[in-house]
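Q: Quick one: structure below, then a few questions.
The values are calculated or read from the model by the stated rules, or taken from the named source; none is laboratory data. A quick note: this is a predicted structure, and the numbers were derived from the prediction, not measured. In this analysis, Cβ positions are derived from the backbone assuming ideal geometry, glycine residues included, and neighbour counts consider all displayed protein chains. For accessibility, only protein heavy atoms count, side chains too; no ligands or nucleic acids. Shrake-Rupley method; radii C 1.70, N 1.55, O 1.52, S 1.80 Å.
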Amino acid sequence: TLARLILGLERPSAGSVRVLGQDVASASRHDLRELRRQMQVVYQSPFESLNPRMTVERIVAEPLESYRVGDRRERTRRVRELLDTVHLPGDYAKRWPTELSGGQRQRVAIARALALRPTLLVLDEPVSALDATIQSQILELLQQVQTEFGVSYFLVTHDLSIVADTADHVAVMRKGRIVEQGPTESVLLHPTDEYTRALLSV
């Protein structure tokens, strides 16, 4: 729900959600569209988030087409650059999602999310549908992408080991409310809320 609020897909019942200095809920349709250009999302399941009727090239280029970025030749070149960024061979552009493994599909999803050079990536349990080895590879890729592109992540996860490895700041939520937040090391090593302590003891 919090991710949907950030993306402007839901409206808050109270309070406000500000992203990049703008109140998402009160933004006009035009302003929200421009804001969404700066916010992209990587979904939990790589098996459901990619259109099986589109090639990898069309999937990655879709945001560029939607915002009319570049001509066809420039978009094709950009797709190849993005595939290289996520460590997939250029000839994968002609493949279909059904020809790819789960980890490869999630790499395609990350490439698509980076197409418009966003400021913020919303990551909704991005590795929970993958096995442990592939999880590690995707998390390493996300760290490389963050270093290369300077993008911020809003990561939703139930896996505290992922939080410990990737997050600078953490907010612990229970029943829709933040019960504790702060620098990751502080929260995980010195939790003050009973619910946080219970999570860490599992």
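Q: Could you tell me what percent of the accessible area of the chain is made up of carbon and sulfur, with a 1.4 Å probe and every protein chain present?
A: Carbon and sulfur atoms account for 46 percent of the accessible area of the chain.
Q: Output the Cα-based Rg and Dmax of region 38-153 in Å, rounding Rg to one decimal and Dmax to a whole number.
A: 13.0, 40
Q: Something else: From the square roots a ≥ b ≥ c of the eigenvalues of the alpha-carbon gyration tensor of region 121-202, which class results: rounded (a/c under 1.5), prolate (a/b over b/c), or oblate? Let's see the in-between values first.
A: Numbers: a/c = 1.98, a/b = 1.59, b/c = 1.24.
Since a/c reaches 1.5 and a/b is larger than b/c, the shape of region 121-202 is classed as prolate.
Q: List the residues, sorted by chain then number, that are 5 or more residues from Val179 or on another chain and whose placed amide H is less than 5 Å from its amide H.
A: Correct list: Val172, Met173, Arg174.
Q: For Cα extents along the principal axes in Å, pick the label among [x] 63, 40, 26; [y] 55, 43, 28; [z] 62, 39, 37 that corresponds to the value derived from the coordinates.
A: Calculated Cα extents along the principal axes in Å: the matching label is [y].
Q: Let me ask something additional. Karplus couplings for region 50-66 from phi (6.51 cos²θ - 1.76 cosθ + 1.60, θ = phi - 60°), rounded to Hz, Gly and Pro as x?
A: 9, 5, x, 8, 10, 6, 4, 4, 5, 4, 5, 7, 3, x, 5, 5, 4
Q: Once the whole set of protein chains is in place, how much accessible area is left on Asp159, using a 1.4 Å probe, in Å² to the nearest 10?
A: Estimated to the nearest 10 Å², Asp159 gives 60 Å².
Q: Rounded to the nearest 10 Å², what accessible area does Leu20 show when all protein chains are kept and the probe is 1.4 Å?
A: 90 Å²
Q: On to the next question. Pull up all non-local amide H partners of Val122: gap of 5 or more, or a different chain, and H-to-H distance under 5 Å with H placed in the peptide plane.
A: Amide H neighbours of Val122, under 5 Å, 5+ apart: Gln40, Val41, Val42, Phe154.
Q: ³J(HN,Hα) across region 178-183 via Karplus (A = 6.51, B = -1.76, C = 1.60, θ = phi - 60°), whole Hz, x for Gly/Pro?
A: In residue order, the calculated couplings are 7, 9, 6, 8, x, x Hz.
Q: Could you compute the FRET efficiency for Val69 and Asp165, with r as their C-beta to C-beta distance and R0 at 41 Å, rounded to 0.05? Mind dumping the intermediate values first?
A: Details: r = 33 Å, r/R0 = 0.81.
Using R0 = 41 Å, I get an efficiency of 0.80.
Q: Also: By how many degrees, between 0 and 90 and to the nearest 10, does the Cα long axis of helix 72-85 differ from the longest principal axis of the chain?
A: Once rounded, the angle reads 50 degrees.
Q: Please give the calculated 222 nm ellipticity per residue for the chain, where each DSSP H segment of at least 4 residues contributes -39500 (n - 2.57) and the sum is spread over every residue; nearest 500 deg cm²/dmol?
A: Only helices count here, giving -13500 deg cm²/dmol.
Q: Run the quick spin-label model on Val202 and Glu48: label points 7 Å from Cα toward the beta carbon, then report their separation in nm to one decimal.
A: 2.0 nm
Q: Give the accessible surface of region 26-132 per residue, rounded to a whole number of Å², with probe radius 1.4 Å and ligands, DNA and RNA excluded. Provide the component values of the computation, followed by the final result.
A: Working: 5540 Å² over 107 residues.
For region 26-132, the per-residue accessible area is 52 Å².
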